[in-house]
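The values are calculated or read from the model by the stated rules, or taken from the named source; none is laboratory data. Since we're looking at a predicted model, the values are computed, not measured. Cβ: placed from backbone, ideal geometry, glycine included. Neighbour counts: every protein chain shown. In case anyone asks, the SASA skips ligands and DNA or RNA and just uses the protein heavy atoms, side chains included. Shrake-Rupley method; radii C 1.70, N 1.55, O 1.52, S 1.80 Å.
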Amino acid sequence: MLKRKPGFYGIASTIIAILLIFPFGDLILQLFQKPNENWMEIKEFLLRDYIGNTLILVFFTALFSLLIGTTLAWLISAYDFPLRKFFRWALILPLAIPSYILAYTYASMSSYTGVVQVTLRSWLGTGLDQRYFNIMSMPGAIFILSISLMPYIYMILRAFMEGQSASLIESGRMLGKSHLGIFFKVVVPVSRAALVAGTSLVVLEVLSDYGVASYFGIQTFSTAIFRSWFSLGDIDSAIRLAAILMVFVLALLFLEKILRGRRSYSMSNTKHRPLSRKELKGPMAFLATSYAGIILLLGFLIPVGQLIYWAVLTYKDTLGNEAWILGLNTLGIAVISAIIILVFGIIIANYARLKNNLLSKIYSKISLLGYSIPGAVVAITMILFFIHLDRWLAPLYRIILPGAPALVLSMSLVLLVSAYVLRFLAVGFQSIDGGFERIGRKYHDASKMLGHGEASTFFRVDLPMLKPALLSGFSLVCIDIIKELPLALILRPFNFNTLATKVFDYANDERIPEASVHSLLIVLIVAIGILILNKTLDKEKNNEHKN
Amino acid sequence: MNIKIENLTFFYPGNKKPSLKDINLEIKEGEIVSIFGESGSGKSTLLRLLAGLEHKGSGTIDMDGVRVLGPNSFVQPEKRGVGMVFQDYALFPNMNIEKNIAFGLNKMSNDKKKARVKEMLELVNLEVFAKKYPHELSGGQQQRVALARALAPAPGCLLLDEPFSNLDTDLQVRIRGELKEILLKAKVTTIFVTHDRADVRALADRVAVLCEGIMVNLGTVEETIDQ
């Protein structure tokens with residue numbers, strides 16, 4: 001006979017949750033220290049610019065991503081036009097190009113010696129006036145971020161719209177509404193939760209962006225945190241800026257909750273019949289194909305074409321052993337972090353599924369926390385925490401590692417991997433949690449009733465059924481880590497580079513063409529990941545329909 | 001298996017009203033007992049407490065003299081020697097029928113396992129479907145596989161949660177007869193939950209009628225629902 005005891009999942013989830021929030025203790029404590037002179041200066045002269053620029057960048061990027069993402073998702077879900085099937089998956093591809101690479105590429109293409117200006121000069125004998133067509137500006141940054149982040153909204157909305165029952169749209173038609181009317185009166189309100197979810201993702205990404213803003217010279221919170229820390233050596237001000245940025249993020253999360261509302265439009269009571277697409281003909285078909293085509297050209301084909309052209313010119317100098325080592329470094333660190341994230345995600349999501357109590361709900365919320373926190377803030381939090389940890393472990397180092405430097409963990413890959421786990425656990429957790437939700441408890445209960453314990457049930461029943469969710473979680477986490485820049489830039493150990501940091505270094509030295517081979521390697525790896533993900537999700541959807 | 005339930009009360013987290021209140025019930029070996037009531041009456045909760053899938057109840061449950069639920073004791077579902085057929089069968093979609101049935105036969109040699117699976121397939125008349133997957137079977141066939149899987153480890157007690165609710169009306173009539181025959185052959189104590197009087201009449205020796213978590217009547221079919 002057994003007494004009721006806390007199980008493995010309960011204990012392990014508690015440990016993981018503590019590990020996830022513990023580092024923030026240092027950050028909060030630092031805020032109560034007396035501010036230095038530098039901070040007073042930032043507060044008086046610079047803070048207004050940081051807030052203003054960040055808000056402009058966030059607002060307009062969200063607006064344009066929303067416009068492009070929503071219209072494309074509706075076009076692909078509700079209409080048939082030439083190349084629709086190709087665009088359905090190809091429009092996700094801009095996600096494969098990290099926004100900083102898009103920024104370097106477009107900036108270089110539109111510069112005086114770039115392909116755009118040279119072509120215009122040789123064809124028309126005139127160039128673009130840099131006063132009006134300078135991409136390295138706020139409108140330029142908005143263009144780059146909108147085109148690069150638009151697929152988040154497109155993907156979430158497309159999945160939502162394709163899953164809608166046709167009856168809603170058909171009732172709209174029967175009631176005499178035009179297509180445009182149905183779109184605004186029916187589709188948009190019904191998709192509100194998906195729209196808000198997609199837009200929030202875009203806003204969080206903009207708040208986290210460092211590469212685009214820093215290259216274009218726009219002072220945002222992320223760039224200011226880096227500047228305070230690296231250029232001025234002022235960690236105190238960096239922490240205060242990080243704290244203000246977190247207030248923005250919390251306000252956004254609160255706003256998101258309000259905007260999503262309490263109403264959920266579920267179709268559970270009607271027999272599901274997917275939307276039947278309307279065939280577009282003539283000029284309308286041409287317009288639809290052209291619109292999707294232009295977005296794909298701007299977001300993927302043009303920049304990739306330019307990168308390929310540069311790579312052909314420079315590969316002899318740049319595609320050496322070093323590039324492959326960087327590729328392996330990048331993949332290695334992504335895979336290690338993704339495995340840890342999946343293990344943590346499984347433990348917390350399974351605990352939430354099995355217990356479904358207040359504690360398990362809190363743990364789930366904690367695991368989602370990291371994704372809302374911009375990379376620069378995570379970087380500061382983790383470095384402070386690891387320096388303290390190293391000081392605390394110093395006596396131990398003296399025994400087991402005599403002669404080692406004072407900072408062991410803070411100078412190692414452990415720091416970078418831990419930061420990735422903190423930042424991207426939410427991505428893995430959400431896939432796994434969704435997987436568990438689809439499986440439900442019944443198979444677990446059936447296995448327990450047939451005499452299998454927790455471990456055996458997990459490995460023989462849950463794990464095989466969880467495979468698609470694990471595969472999508474793994475791909476998503478790897479994609480995010482391979483593209484990630486600020487964490488890798490700050491937390492990498494000395495002499496350790498990833499493809500992303502190398503691209504940044506080249507761009508900083510104004511050697512954009514030389515960055516092309518490494519950029520293409522990132523795009524290639526991420527594109528493969530995205531295509532695997534897309535296939536897995538489509539397969540899962542088909543299986544659901546079959547069952 | 002003899003089962004004794006005393007003063008069993010159960011609250012779902014966050015609910016002020018109990019889902020079950022002061023349930024007392026004794027079931028003798030080989031008996032077929034129906035827990036009958038409307039939705040929300042607490043009948044499935046009672047079944048889950050017997051199975052060990054819920055464990056926050058107060059009161060006690062004894063199985064063959066062993067306390068499986070009490071103030072300081074709780075026996076995990078896998079240690080109770082109880083089989084269960086779920087409302088939607090919960091057949092593992094990644095395993096074929098043979099593997100689903102063999103799943104609960106943990107401590108047997110492979111030869112014995114094979115023999116037991118064959119025996120169970122014969123019992124439910126599904127020998128030819130051994131290599132098929134759950135989604136390739138009809139609802140009635142899936143229900144019989146679930147029954148064979150639950151009976152394979154020779155449990156002391158079989159729990160059935162709304163066993164016919166997922167079947168068409170015509171099929172329900174046929175399967176009820178088959179189930180009674182199988183249960184009599186297996187000689188196993190059976191507790192089944194239903195809201196359908198026809199199920200009770202076809203199968204039960206005794207009926208416990210639940211209403212809003214309280215047991216309002218207990219007796220034979222004639223003494224309870226026919227009144």
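Points worth noting:
- Exercise: per-residue mean of other protein chain Cβ atoms within 10 Å, B:90-98: 4
- Accessible surface buried at the A:B interface totals approximately 2500 Å², computed with a 1.4 Å probe on protein heavy atoms.
- Proximal lysines to residue A:316, defined as alpha-carbon separation beneath 27 angstrom and excluding residues fewer than eight positions away on the same chain: A:483, A:502
- Over chain A: helical MRE at 222 nm, DSSP H runs n ≥ 4 each giving -39500 (n - 2.57), nearest 500: -23500 deg cm²/dmol
- Both numbers refer to the Cα atoms of segment B:67-143; Rg and Dmax are 14.9, 48 Å.
- Span-like helix check, chain A: qualifying full DSSP H segments, with Cα axial length of 30 Å or more and mean Kyte-Doolittle of 1.6 or more, are A:235-260.
- For the listed peptides B:169-175, A:217-223, A:279-285, a ranking on the average number of other beta carbons within 10 Å per residue, highest first, reads A:217-223, B:169-175, A:279-285.
- In this structure, the residue pairs whose Cα-Cα separation is over 28 Å, taken from B:21/B:187; B:28/B:56; A:467/B:17; A:185/A:281; B:43/B:99, are B:21/B:187; A:467/B:17; B:43/B:99.
- Chain B - Rg (one decimal) and Dmax (whole number), Cα, Å: 17.4, 52
- Total charge dipole magnitude, the protein assembly as shown, about the Cα centre, Cβ charges on Lys, Arg, Asp, Glu only, Debye to nearest 20: 800
- Shielding by partners, peptide A:439-448 (average Cβ within 10 angstrom, other chains): 6
- Shape category assigned to segment B:10-108 from the gyration tensor of Cα positions, a/c cut at 1.5: prolate
- Rounded to the nearest Hz, the phi-derived 3J(HN,Hα) couplings of segment A:86-93 under the Karplus curve 6.51 cos²θ - 1.76 cosθ + 1.60 (θ = phi - 60°) are 5, 5, 3, 9, 5, 5, 7, 4, where x marks glycine and proline.
- Which of A:513, A:203, B:10, positive extreme of dipole for the protein assembly as shown (C-beta unit charges): B:10
- Dipole axis of the protein assembly as shown (+1 Lys, Arg; -1 Asp, Glu on Cβ), positive-most option in A:303, B:154, A:232: B:154
- Kirkwood Rh, angstrom, chain A [1 / mean 1/r, Cα pairs]: 25.4
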